[in-house]
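Everything on this sheet refers to the single structure shown next.
Values in this text are rule-based calculations from the coordinates and carry no lab data. Computed from a predicted structure; not experimentally measured. FYI the Cβ positions are ideal-geometry reconstructions off the backbone, even for glycines, and counts take in every protein chain you see.
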Amino acid sequence: MKKVIVTCGPGFERIDDVRRLTNMSTGQLGVLLAERLASRNLEVICYKGSGATWPHPQGGVDVQTFDTNDDLLELFKKAAKENHISAIFHVAALCDYKVKSINNEAGQSVKSEKIPTNAGSIILELEPSLKVLPLLRPMFPSAMIVGWKYELSGSRNEALARARNQIETAGTDACVVNGKAFGPGFGYCVPGEPILESNSKTELVEFLAGLFPSEITLRKTISSIRNFVQISDRHLTGGMPGAEHFSALAHDQVEVVINLALPNSDNAIPNEGELVTRHGMAYFHIPVQFGEPNPRDYYLFESILQSVEGKRTFIHCAANMRVSAFMYLYHRRNGLCSPDKAKELMNRVWEPEGKWAEFVGAVLKTPK
């Protein structure tokens, strides 16, 4: 089951033990989104500001509260260590500033659990608080990360420019923008694509939840790859995929793509590497000559597959013939299954003959 994080509600920064700096956020939008995502069979963690007035999300959502920006960052650090997170929707309205110093009119520092009103006028010096969003990409390199921009001043185009700047500077995948500067409703910004607009919170929630295809849709899309064979939970194989398949593979928690096809193979995607990495997956390309299979290509393949051991990996070529032979060798040389089982998996696609039969035999005879 895919796991996603939704943040919501306001953060706060302490003035004293009674008073605080905060934002006017109820947490409603994040709660609605968390509930809708949970209804789509996703495992949802909701980091909810303690000052949020909207009730906790229902439907099995794991709610964890935070106070300050630093508190929220600690929750993210814990999640990065313990979970594989597929997506983060950072809806929370965090504080842009925190208190640096509190002084009276004479310039003297004022420190108290509750600053008394008879202390007279006080001067708060504020400094920028911790920015959480730019720290998420290094912690969650393969997750889809969506930020938010609430803009009041300037024009609609200026609001959109700030949203695009957030994507570029924070390393996120998209940004939802709203507020007086943008105008009614919400805009969903993705680099290089038209702005997608939603007229209400409900409409926006439905759109965002729709970014996660159902399990049935995913299975149908992925299995449409030519000669698709899922060998195990970690290893998926097939022939040449289409551009639409990479989104489905990413949603299916694939983390690595290995391509054994030539760049000029039939239906090859010219920018496959860029497309794969844009979806948050690692990419390796070993162009294997079908007419002249070379053991060196296999040894490189074996070393790469071992280096990503434990990661869900999709391996493809033009027709899954190169791949099925390579996987047969991988299973045999590493003792991952019986010789009969390894052969049965390869024979689902083909039985090598001629140069490929000679190639397979030669690699098997070579000691590890």
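Quick rundown of the values:
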item	result
Debye intensity ratio I(q)/I(0), log10, the chain, q values 0.08, 0.09 Å⁻¹ (C-alpha model)	-0.53, -0.64
Equivalent ellipsoid semi-axes, segment 215-365, via Cα gyration tensor eigenvalues times 5, rooted, Å	24, 17, 14
Entries of LYS2/LYS220; LYS81/LYS201; LYS2/LYS343; LYS48/LYS131; LYS2/LYS131 with Cα pairs more than 22 Å apart	LYS81/LYS201; LYS2/LYS343; LYS2/LYS131
Value of relative contact order over segment 24-183, rounded to a whole percent, pairs C-alpha under 8 Å and six or more apart	18 percent
Acute angle (nearest 10 degrees) that the helix 354-365 long axis makes with the longest principal axis of the chain, alpha-carbon atoms	70 degrees
Globularity ratio of segment 87-220, using Cα Rg and 2.2 N^0.38 Å	1.43
DSSP bridge pairs, the chain: antiparallel proportion in percent, nearest 5	35 percent
Per-residue [θ]222 nm for the chain (sum of -39500 (n - 2.57) over DSSP H runs n ≥ 4, rounded to 500)	-10500 deg cm²/dmol
Folded to 0 to 90 degrees: helix 156-170 orientation relative to the chain principal axis, Cα	60 degrees
Around GLY192: net Lys/Arg minus Asp/Glu count, Cβ-Cβ under 13 Å	-2
Relative contact order (percent, whole number), the chain, Cα cutoff 8 Å, 6+ residue spacing	11 percent
Among GLY171, GLY179, GLY30, residue whose mean-square fluctuation peaks in a GNM of the chain (springs only between Cα atoms under 10 Å)	GLY179
Rel. contact order, % - alpha carbon contacts under 8 angstrom, at least six apart, segment 215-365	27 percent
Helix 69-82 axis, angle to the chain major axis (alpha carbon atoms, nearest 10°)	20 degrees
Of all DSSP beta bridges in segment 215-365, antiparallel share, percent nearest 5	15 percent
Dipole-positive endmost among ALA38, LEU305, GLY49 within the chain (Cβ charges, Cα centre)	LEU305
Other-chain or far-sequence residues with amide H under 5 Å of ILE88's (modelled H)	ILE5, MET144, ILE145, VAL146
Amide H partners (placed H, <5 Å) of HIS235, local residues excluded	THR313
For LEU262, residues with placed amide H under 5 Å, excluding near neighbours	VAL288
